[in-house]
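A short worksheet on the structure shown next.
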């Protein structure tokens, strides 16, 4: 499917403030970026770099006063997500080097604390994809998904004591549970078509069967082997600390306006 995505942010800056942004999706195996627009007002110098996780990031210093960022992309992405019941667990010694960091505990995913719990949740499952699918189902059935219920970044341990959660929380706990079983897992932030209420979204991916698969406890499967697509990734990382769409340095600054849209298109050019 073709999607048109946009994200508009408006800040009121008191003093010149350094920012690092992560608002440019990049083409890959699961998405193709056909067209982009990136506007910053007032116009100012921007330096772009690729971080340790392959994300496109932009550095700038915002001047005092109103500062706005507007991005949009025309993206081709899958109509439905790949599902692979039975896909095998990949032994650690056979994992690609670039995947190994996604086995370790991280700031918001304390994988070393969830071994027994993960084993209980996945009891009787084939090692690999089926274990991750069981974790996803457990998350969906255990927590009430409530968008906007919290702006705080919660670790997996903290999420595990809450009755409700936002998408980021469910991803953190799912990642920690997977890693405790020696299954690499990473966090993804981006857009999702038909998300309600519309906003930026977070989910997680797990490495089984020799590739990454998408899991999202906030969404329901159409069948055992398929789920609606419409995901557009902006950034990948170990947890939310690695995939913030913006980091600013100095006195705290928050958007006074934020608007996100994801619309279905008929083609690359309509």
Provide the packing ranking of 183-192, 233-242, i.e. peptides ordered by the mean count of other C-beta atoms within 10 Å per residue, highest first.
183-192, 233-242
Let's test the formula: R0 of 30 Å, r as the Cβ-Cβ distance of residue 1 and residue 92. What FRET efficiency results, to the nearest 0.05?
0.25
Inter-label distance, nm, simple model (7 Å from Cα along the C-beta direction), residue 32/residue 99
2.6 nm
Would you mind computing Rg(Cα) / (2.2 N^0.38 Å) for the range 80-228, counting N as its residues?
0.97
If you bin the C-alpha pair distances of the chain every 5 Å from 0, what whole percents do you get?
1, 6, 13, 16, 18, 17, 13, 8, 5, 2, 1, 0
Modelled FRET efficiency - R0 35 Å, residue 8 with residue 84, Cβ distances, 0.05 increments
0.45
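Can you give the relative contact order of the chain as a percent, counting alpha carbon pairs under 8 Å and 6+ residues apart?
Details: 608 pairs, mean separation 80.6, N = 270.
Normalised by residue count, the contact order of the chain is 30 percent.
Computed from the coordinates by the stated procedures, all read-outs in this text should not be read as laboratory data. For clarity, every value in this text was computed on a predicted model and none was experimentally measured. Heads up, the Cβs are rebuilt from the backbone with ideal geometry, glycines too, and the neighbour counts pull from every protein chain shown.
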